[in-house]
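Asker: Quick one: this structure, given as structure tokens, is what I'll be asking you about.
The values are calculated or read from the model by the stated rules, or taken from the named source; none is laboratory data. Every value quoted in this text rests on a predicted model; they were computed, and no experiment measured them. Because the Cβ atoms are built from the backbone with ideal geometry, glycine has one as well, and the counts that use them run over all protein chains shown.
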Amino acid sequence: MIVDKVSNMKQYAGVIKYTDEIMAFTKKVMSENVENGRYDLIGDDLYALVQRYPSKALASARLEAHKVYADLQVVVSGREKIYYDEIGDQTLEDDFKEGKDICFFHAGTGKGAITFTDGFFAYLAPQDAHMPGMQVEDGKPEDVVKIVFKIKL
């Protein structure tokens, strides 16, 4: 997992593919009223999911992981916590299904959490179990605007 400010993303060009495309689309979302939904940037190799939602209570979520795509999650506005762990340290609850690039693990918070505010990103590889969209303060949902870039590996 990589966590840093969006302004530093170019430093990771050797690890994260498509940094130019990701930065350009992030700037577009930050400056325009881009609607929620999927945006194909380079076909299935790179697409973006623009999302608006209230942050969730911890009791309502599970750690997840992917194997075909890495996630690069950019918080455009608002605050949320992302809990994380290695998949090898988790107990599988719901395995990958045909045509779906997601599995879930039994409830738990993993090794820890990082609070994300606007202008930060997290790059989550297949070994990184993660639980995004959580409330920073229990019982206090906050409105979040986020872009999840799906990067085919």
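Asker: Residues in region 33-67 that are surrounded by fewer than 16 Cβ atoms within 10 Å (Cβ to Cβ), modelled with pLDDT of 95 or more, not polar (S, T, N, Q) and not in a strand (DSSP E or B): how many?
Answerer: Residues that pass the stated criteria total 2.
Asker: State yes or no: is V136 of a type in the set (V, I, T), in contact with a Phe, Trp or Tyr (Cβ under 8 Å, 6 or more places away or on another chain) and touching a residue at least 12 places away in the same chain (Cβ under 8 Å)?
Answerer: The answer is no for V136.
Asker: Looking at (1) of a type in the set (G, A, S); (2) without any contact (Cβ under 8 Å) to a residue 40 or more places away in the chain; (3) surrounded by 12 or more Cβ atoms within 10 Å (Cβ to Cβ), find the lone condition where G88 falls short.
Answerer: If we test G88 against (1) of a type in the set (G, A, S); (2) without any contact (Cβ under 8 Å) to a residue 40 or more places away in the chain; (3) surrounded by 12 or more Cβ atoms within 10 Å (Cβ to Cβ), just (3) comes out false.
Asker: So R79 fits all but one of (1) within 14 Å of M1 (Cα to Cα); (2) crowded, with 17+ Cβ neighbours inside 10 Å; what number is the exception?
Answerer: Tallying (1) within 14 Å of M1 (Cα to Cα); (2) crowded, with 17+ Cβ neighbours inside 10 Å, R79 fails exactly one: (1).
Asker: Working only within region 1-22, note down all residues that are surrounded by fewer than 16 Cβ atoms within 10 Å (Cβ to Cβ) and either under 10 Å from F121 (Cα atoms) or under 15 Å from the mean Cα position of the chain (by Cα) (or both).
Answerer: V3, D4, K5, S7, N8
Asker: So D95 fits all but one of (1) surrounded by fewer than 16 Cβ atoms within 10 Å (Cβ to Cβ); (2) of a type in the set (D, E); (3) modelled with pLDDT of 90 or more; what number is the exception?
Answerer: Evaluating D95 over (1) surrounded by fewer than 16 Cβ atoms within 10 Å (Cβ to Cβ); (2) of a type in the set (D, E); (3) modelled with pLDDT of 90 or more leaves (3) as the failure.
Asker: Among residues belonging to region 68-100 that are part of a strand (DSSP E or B) and among the basic types (K, R), point out the one that is farthest from V29 (Cα to Cα).
Answerer: K81
Asker: Now, a different point. In the list V15, V34, which residue meets the criterion of being in contact (Cβ under 8 Å) with a residue 24 or more places away in the chain and of a type in the set (A, V, I, L, M)?
Answerer: V15
Asker: What's the number of the condition D95 fails, among (1) free of Cβ contacts under 8 Å to residues at least 12 places away in the same chain; (2) under 16 Å from K152 (Cα atoms)?
Answerer: (2)
Asker: Do you know which residues across region 98-115 are touching a helix residue (DSSP H, G or I) at 6+ places or on another chain (Cβ under 9 Å) and either modelled with pLDDT of 95 or more or charged (D, E, K, R) (or both)?
Answerer: Correct list: K111 only.
Asker: If you don't mind, there's one more thing I want to ask. Which ones in region 116-141 are part of a strand (DSSP E or B), over 12 Å from H66 (Cα atoms) and out of contact with any helix residue (DSSP H, G or I) (no Cβ under 9 Å at 6 or more places or on another chain)?
Answerer: If the condition is that a residue be part of a strand (DSSP E or B), over 12 Å from H66 (Cα atoms) and out of contact with any helix residue (DSSP H, G or I) (no Cβ under 9 Å at 6 or more places or on another chain), then F116, T117, A122, P132, G133, E137, K140 are the ones that fit.
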